[in-house]
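The values are calculated or read from the model by the stated rules, or taken from the named source; none is laboratory data. Here the structure is a predicted model, which is why all the values come from computation and not from measurement. Quick reminder, even Gly has a Cβ in these numbers, built from the backbone with ideal geometry, and neighbours come from all protein chains shown. What goes into the accessible areas is simple: the full protein's heavy atoms, side chains included, and nothing from ligands, DNA or RNA. Shrake-Rupley method; radii C 1.70, N 1.55, O 1.52, S 1.80 Å.
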Amino acid sequence: MSGLGSSYEKVISQADDVADRILRHSKHYLPHLARLCLVSTFIEDGLRMWFQWNEQRDYMSLTWHCGNFLAVLFVVVNMVAQLGGCAMVLLRKHVPVAVGVLFGVIVLQVLAYTMLWDMKFFMRNASLVGGLVLLLAEVSGEAKSMFAGLPSMGANQKQSYMQLTGRVLVVFMFLSLITLELSVLRLLELVVGGALTVCVAIGYKTKLSALVLVVWLFLLNMFLNAFWLVPSHLIMRDFLKYDFFQTFSIIGGLLFVVALGPGGVSLDEHKKMY
């Protein structure tokens, strides 16, 4: 039994070493990639508002009986807020304001599309909010590094709790993938994905777990949401495209976990103290 435990520790240690080497070589690019992935669903949806202007306007007008003016206003606000917020995030300009704008878009869409009680939609949007919280944690860390010589206990604590909140919310994505379908592949997906998400949420082997989860979600996304294989005239293409880019945004949140680490409120940090 001790031999099995020793082999497990050896495998995990080797995997940690591989993850550390990957992170050392990508540390300058990872935050940029994380930001791009995180805002990808907002960019796609903002462009959708432009290219499907009439459809979006008519949907809002018929659903809410609000008339053309308010329907057009909804489309314009969604388009400008999403594309403008994404530009601010990617250019690193007034990022907290941009995060507030994008969070407002999430709330507006949940209410406007009457999807509040759709649990899959709710959990995916919770994951998206988690990614935005982790973006705020990154900005908080950058601000802290500018004043490295000053006492910053409160700032450290604030960033740690933001990272905890972001980690917990991001892994809600996994819950949205659970189905009642019973098969060996689904069971494997449930066990492996469940173990990784728990590790990320509690902050155990956080960077390694998040990195493996990124690869796992990327492969699942390419397989399950291959919208480019669906003819453009079918509505299923739009649904798959939406899921595809939203999953990429969750991947962006996980990349922030990889780049930032677990933060102070985590098992990894707790183990360092003993």
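For the chain, the mean projected area of the C-alpha convex hull, equal to one quarter of the hull surface, is 17.7 nm². Here the Gaussian network model covers the chain, with springs between Cα atoms less than 10 Å apart; of Thr206, Thr41, Thr63, Thr63 fluctuates the most.
Hey, got a sec? Which chymotrypsin sites (Phe, Trp or Tyr not before Pro) in the range 10-57 land in a DSSP loop and have at most 16 other Cβ atoms within 10 Å?
Numbers: sites: Tyr29, Phe42, Trp50, Phe51, Trp53; in loops: Tyr29.
For chymotrypsin sites (Phe, Trp or Tyr not before Pro) across the range 10-57 that sit outside H, G, I, E and B with at most 16 neighbouring Cβ atoms in 10 Å, the list reads Tyr29.
On the accessible surface of the range 199-274, probed at 1.4 Å, how many percent belong to carbon and sulfur atoms? C and S atoms contribute 72 percent here.
For the chain, the mean residue ellipticity at 222 nm estimated from helices alone is -28000 deg cm²/dmol, where every DSSP H run of n ≥ 4 contributes -39500 (n - 2.57) and the total is divided by all residues, rounded to the nearest 500.
With 29 Å as the limit, the listed pairs Lys27/Lys205; Lys93/Lys271; Lys158/Lys205 have Lys93/Lys271 beyond it between alpha carbons.
Measuring r between the beta carbons of Leu219 and Asp17 and using R0 = 25 Å, the FRET efficiency lands at 0.65. Surface composition of the range 92-137: carbon plus sulfur atoms hold 79% of the accessible area, using a 1.4 angstrom probe and ignoring ligands, DNA and RNA.
Hey, what did the chain get for relative contact order, percent, Cα under 8 Å, at least 6 apart? Worked out over the chain, it gives 25 percent. For Ser176, the accessible area of its heavy atoms, probed at 1.4 Å with every protein chain present, is near 10 square angstrom.
The label point for His94 and the one for His65, both projected 7 Å from the Cα toward the Cβ, are 3.9 nm apart. Between Leu187 and Tyr29, the C-beta separation translates, for a Förster distance of 45 Å, into a calculated FRET efficiency of about 0.80. Put simply, the Cα atoms of the range 184-235 extend 45, 24, 15 Å along their principal axes, the longest span coming first. Near Ser232: Cβ cut-off under 12 Å, other residues only, Lys/Arg at +1 and Asp/Glu at -1. The net charge is +1. Counting heavy atoms of the protein chains alone, Tyr161 has an accessible area of about 120 Å² for a 1.4 Å probe. In the chain, the longest principal axis of the Cα atoms and the axis of helix 119-146 are about 60 degrees apart. For the chain, take the longest principal axis of its alpha carbons; what is the angle in degrees between that and the long axis of helix 67-91, to the nearest 10 within 0 to 90? Helix 67-91 sits at roughly 30 degrees to that axis. Shown are Cys86, Cys66, whose ranking by accessible area with a 1.4 Å probe and every protein chain present, most to least, is Cys66, Cys86. Computed over protein heavy atoms with a 1.4 Å probe, the accessible surface of the chain works out to 56 Å² per residue. Principal-axis analysis of the Cα atoms of the chain puts helix 235-260 at an angle of about 30° to the longest axis.
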